[in-house]
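The values are calculated or read from the model by the stated rules, or taken from the named source; none is laboratory data. Nothing here was measured: the structure is a model prediction, and the numbers come from that model. For neighbour counting, all protein chains shown are included, and Cβ atoms are generated from backbone atoms with ideal geometry for every residue, glycine included.
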Amino acid sequence: MRFLRLLSLALCLTFIAHQSAAQTRELSSSGVLLDRIAAVVNDGVVLLSDLEKQTQQVIERLREQQTQLPPRNVLRRQVLERLVLEEIQLQRAERLGIQVTDEMLNATLADVANRNNVAFDELPQLLAQQGIDYRDFRDDVRRQMTLQLLRQRDVIARINISPRELEQFLARQQNAPDRNAEYNVSHILISVPVSATPEQIAAREERANQVYEKAKAGEDFAQLAVAYSDSSTNIEGGALGWRRGAQLPSILSEQITKMKPGDVSEPIRTPSGFHIFKLNDMRGGVQQTVESQVHVRHILLQTNELEDDDTVRQRLADIRERVLQGEDFAAIAAVTSQDPGSAPNGGDLGWAGPGTFVPEFEKQIESLEINEISEPFKTPYGWHIVQLLGRREYDITEDLRRQQAFVQLREAKAEEETELWLRRLRDEAFVEYRM
């Protein structure tokens, strides 16, 4: 498994002004109702005040983007469904014991400050100038990080790439989009339930064709995404942003070579539904060179309902001590590590260049001497100990090309797997709308 960098939550900002509200409201002393429930979600709720606030924020953002607004009731329905999905995910994260520590949160906020060219302690003032409460902003960032950690655990970490898939991907790269070019893409998903009947599938296909015809006729794609898309990016107008050719969803990679800016793809059928893509723009990429590699192996353990952070950290500390006393690292990793990609290989992650691992993992590697084993540390994937086996200078080789292809293939599959995962969570949840 390769530990990819988090998407940094798009906190390079435009400062996402999702200002979180408390999950409960009380009656005033005079008995006046201060809030209402918009939806019951399992044993939690989505409040009407949250719905109205999020809807207004989306309206303001769409106006800034000069996107024509859909009817307010359509927009509120999309925002409510987004809030319902978030509540379902947050409940699951809580059950699994997934937590964003203050240290992790502060590191992310420090990155936000750095990207905005201000000192960390100046961030509250900068936010206040934009009318954003710093405490609310911290709460919202913590929530978004929690959702990202859950996705890493439930989706990214479970994506397996078979040798056959890798070979086929390498073969397709010969005719694939330029790996160094960048593409600005938007997306609409007309979802199909997992247990859909043939009649339901036909109805969803007809809906997808109708949306495609509207887009092809020149209707605003972002407005169509807000109004019709079931994707998690719908209220962003379906925007996927700039992506390198190798990072495009696998279902789009072959289509993109036939498209020019402004083109809209015909509906593409996948297990999650019917996808429609629009190529907004493209630009040439910059070839990156890598100067050095590290060879590492690790053992990964994750928290669960029975084992919290302290328990897992102590287990790894005990394992580290056993290795220092002479036990074989690879043998222990093979039977204890919860990384399905590296455990069969004794935890070996092979040779990797800068940027392959998440920052917390790379920071540990940088501090190690050859053969040294780190103390237990935490990343978005769980708790690790890592051993540095070697460092080397290298040129781009066939082995590196295969390694990069593996990472790119997993990224491409992640889009579809995430949508399927969200559909499953939604289908399994109890949701009662109160509007």
- Query: Failed condition for residue 251, given (1) in contact with a helix residue (DSSP H, G or I) (Cβ under 7 Å, 6 or more places away or on another chain); (2) more than 23 Å from residue 85 (Cα to Cα); (3) outside any helix (DSSP H, G or I), with all others met?
  - Reply: (3)
- Query: Out of all the residues in the range 305-315, which are touching a Ser or Thr at 6+ places or on another chain (Cβ under 9 Å) and either at pLDDT 95 or above or basic (Lys, Arg) (or both)?
  - Reply: 315
- Going by the structure shown, is residue 269 in contact (Cβ under 8 Å) with a residue 12 or more places away in the chain, surrounded by fewer than 21 Cβ atoms within 10 Å (Cβ to Cβ) and of a type in the set (D, E, K, R)? yes
- Query: So which residues in the range 34-54 are assigned to a helix (DSSP H, G or I), out of contact with any strand residue (DSSP E or B) (no Cβ under 8 Å at 6 or more places or on another chain) and surrounded by fewer than 20 Cβ atoms within 10 Å (Cβ to Cβ)?
  - Reply: 49, 52, 53
- Note on the structure: The residue from 354, 340, 380, 376 that alone is touching a residue at least 12 places away in the same chain (Cβ under 8 Å) and within 19 Å of the chain's Cα centre (by Cα) is 380
- Query: For the range 316-359, how many residues are at positive phi and modelled with pLDDT of 90 or more?
  - Reply: 4
- Among (1) surrounded by fewer than 19 Cβ atoms within 10 Å (Cβ to Cβ); (2) more than 28 Å from residue 79 (Cα to Cα), the one test that residue 253 misses: (1)
- Task: For the range 369-385, state whether one or more residues are on the phi > 0 side of the Ramachandran plot and not aliphatic (A, V, I, L, M).
- Result: yes
- Item | Residues within the range 290-315 that are over 27 Å from the mean Cα position of the chain (by Cα) and either among the charged types (D, E, K, R) or buried (at least 17 other Cβ atoms within 10 Å of the Cβ) (or both), tallied | 2
- Task: Could you tell me which of the residues 218, 237 is buried (at least 19 other Cβ atoms within 10 Å of the Cβ), more than 20 Å from residue 427 (Cβ to Cβ), of a type in the set (Gly, Ala, Ser) and out of contact with any Phe, Trp or Tyr (no Cβ under 6 Å at 6 or more places or on another chain)?
- Result: 237
- Item | Residue tally, condition of a type in the set (Phe, Trp, Tyr) and either within 18 Å of residue 274 (Cα to Cα) or in contact with a strand residue (DSSP E or B) (Cβ under 7 Å, 6 or more places away or on another chain) (or both), over the range 403-433 | 2
- Which condition does residue 356 not pass, out of (1) surrounded by 18 or more Cβ atoms within 10 Å (Cβ to Cβ); (2) more than 30 Å from residue 271 (Cα to Cα); (3) not small (Gly, Ala, Ser), if it passes all the others? (2)
- Note on the structure: Within the range 223-248, residues being in contact with a helix residue (DSSP H, G or I) (Cβ under 7 Å, 6 or more places away or on another chain) and hydroxyl-bearing (Ser, Thr, Tyr) number 3
